[in-house]
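Undergrad: Structure in structure tokens, see below.
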Amino acid sequence: MKRNNQCSRLSPCRFIASLSRTLLGIVFIFSGAVKAIDPLGTVYKIEDYLKAFGGFFTDLLPLATVAAMGLIVLELLLGVCMVLNVRTQWTSWISLLFYCVMTPLTLYIALKNPVSDCGCFGDAIVLTNWQTFWKNVVLIVLAIVLVALRKNTYQLWSSWMELVLAVMTIVAAVVFMSWTSNHLPIMDFRPYKIGNHLPTLMEYPEDAEPDIYEYSFVYEKDGIEQTFTLENYPKGDSTWNFVRQESKLIKKGYEPPIHDFEILNADYEDLTWNILESEDPVTLVVMYDLAKADKKQMAKVEDLALSHQSFSYEDDFGGTFYILTGSGTDDIIAFSLEYPTLSDYICTCDPVTLKTIVRANPGIIVLQNGTVIDKYNLKNR
């Protein structure tokens, strides 16, 4: 009787291989799907990483869009192939290689903390950097198991059908991402989605846990600096000269979902609560970067401005139309010279906040009594 080195069809080895393959596939599909719903969010996250790493990496910023789209397609393709048992012997090695890159990378990110969250599940599930690392540790173990037991998988589809499934997955992913990029995400996981009351999301509960800092004090004596704590600093010793105080965040306290929404006009007057408390609908044109804004849409912005004539500096800034940007002074001046009819409406806001508010440049968000009542990409109006 022949003995087979491989596990039998109903053996524990085959079960473990199938379980590892399915779990990895589900994670890949979920990760790719939430990114595909909001592809610009993935682009912004990759840009944040490149800027945080600095140096050579900043030269790669123009490739952020290609990298984001490639990552999304790869995750969806791997996920679909794994769940449907397509070319498992190949996908097992590719998944292991993927996590051999991502696991040490996320360890570095957890240690250095260049960005606050990895963005691996988009805005659907926000993980800390350490949570992301341990998640990848679990997944690389599954990938190792799958590679070790890859010969215990069986071919379910014909080669022709496998090719069809792979091509269909790639085409569907690209078409869906293209549509989403020209509209808005079909599911909005961010705090500025339609129906949300922004002032409520800006509140700090009375029992909110504050940030915890460790303070140290630098003193100088005989040209040598020394760091002290609150317990041992040279109080009353005149031979030491105080240089500076330093602080280190030990534990992050509670942070409301919206914590950086502040709108300033050209005179640096805060209009935030004028806008949030307005009983009339307020239209905000969001252009996080004026230089990168779609110039083809400026005629529509000018038409919107003309339809909102209530803006007046004599009316205590009680207008119903504003342009929000995170651009610097030079870009604002250049934009105002090119579009003089819009110059009086320009206000500034944090660019990261503006990217979070609406995934378009320009995009529109309409508020009434602090509630988001409408939101759209200007390309489609």
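The values are calculated or read from the model by the stated rules, or taken from the named source; none is laboratory data. Small disclaimer: the values here were computed from a predicted structure and weren't measured. No Cβ is skipped: glycine too gets one built from the backbone with ideal geometry, and neighbour counts run over all protein chains shown.
Undergrad: So which of M168, M202, M161 ends up being of a type outside the set (K, R), without any contact (Cβ under 8 Å) to a residue 60 or more places away in the chain and within 24 Å of Y376 (Cβ to Cβ)?
TA: Selected residue: M202, the only one of M168, M202, M161 that is of a type outside the set (K, R), without any contact (Cβ under 8 Å) to a residue 60 or more places away in the chain and within 24 Å of Y376 (Cβ to Cβ).
Undergrad: A follow-up question, please. Against the definition (assigned to a helix (DSSP H, G or I), under 28 Å from M187 (Cα atoms) and either assigned by TED's automatic domain parsing to the domain that holds D123 or among the basic types (K, R) (or both)), how does A17 come out, yes or no?
TA: Answer is no for this residue.
Undergrad: Go through region 179-202 and give me each residue that's of a type in the set (A, V, I, L, M, F, W, C), in contact with a strand residue (DSSP E or B) (Cβ under 9 Å, 6 or more places away or on another chain) and in a loop (DSSP other than H, G, I, E, B).
TA: Correct list: L184, I194.
Undergrad: Taking region 49-94 as the search range and keeping residues that are surrounded by 18 or more Cβ atoms within 10 Å (Cβ to Cβ) and on the phi > 0 side of the Ramachandran plot, which one is modelled with the lowest pLDDT?
TA: If we take residues in region 49-94 being surrounded by 18 or more Cβ atoms within 10 Å (Cβ to Cβ) and on the phi > 0 side of the Ramachandran plot, then R87 is modelled with the lowest pLDDT.
Undergrad: I've got another one for you. Restricting the search to region 87-121, which residues are free of Cβ contacts under 8 Å to residues at least 40 places away in the same chain and basic (K, R)?
TA: Matches in region 87-121: K112 only.
Undergrad: I've got another one for you. State the number of residues belonging to region 273-297 that are surrounded by 15 or more Cβ atoms within 10 Å (Cβ to Cβ), under 28 Å from N380 (Cβ atoms) and free of Cβ contacts under 8 Å to residues at least 60 places away in the same chain.
TA: Final tally of qualifying residues: 1.
Undergrad: Considering only region 275-289, I want to know if a residue exists there that is more than 20 Å from Q368 (Cβ to Cβ) and either assigned to a loop (DSSP other than H, G, I, E, B) or modelled with pLDDT under 95 (or both).
TA: Checked region 275-289: at least one residue is more than 20 Å from Q368 (Cβ to Cβ) and either assigned to a loop (DSSP other than H, G, I, E, B) or modelled with pLDDT under 95 (or both).
Undergrad: Quick one: how many residues across region 325-381 are within 16 Å of I275 (Cβ to Cβ), out of contact with any Lys or Arg (no Cβ under 9 Å at 6 or more places or on another chain) and not in a helix (DSSP H, G or I)?
TA: 13
Undergrad: Moving to a separate point now. Looking at region 126-163, which of the residues that are of a type in the set (D, E, K, R) and modelled with pLDDT of 85 or more is farthest from S92 (Cα to Cα)?
TA: Checking each candidate, the answer is K135.
Undergrad: Checking F242 against (1) modelled with pLDDT under 90; (2) farther than 30 Å from G328 by Cβ, which test does it fail?
TA: Against the list (1) modelled with pLDDT under 90; (2) farther than 30 Å from G328 by Cβ, F242 comes up short only on (1).
Undergrad: So which residues in region 242-272 are closer than 16 Å to T200 by Cα and buried (at least 16 other Cβ atoms within 10 Å of the Cβ), if there are any at all?
TA: Across region 242-272, the qualifying residues are I258, F261, T272.
Undergrad: Just one of P234, P205, P257 is modelled with pLDDT of 90 or more and either assigned to a strand (DSSP E or B) or not aliphatic (A, V, I, L, M) (or both); which is it?
TA: On inspection, the qualifying residue turns out to be P257.
Undergrad: Test Y154 against the stated conditions and say whether it is under 20 Å from R21 (Cα atoms) and surrounded by fewer than 15 Cβ atoms within 10 Å (Cβ to Cβ).
TA: In short, yes.
Undergrad: Turning to a different aspect of this structure: Could you please find all residues in region 90-125 being assigned to a loop (DSSP other than H, G, I, E, B) and either closer than 16 Å to L50 by Cα or not assigned by TED's automatic domain parsing to the domain that holds V147 (or both)?
TA: Hits for region 90-125 are N113, P114, V115, S116, C118, G119, C120.
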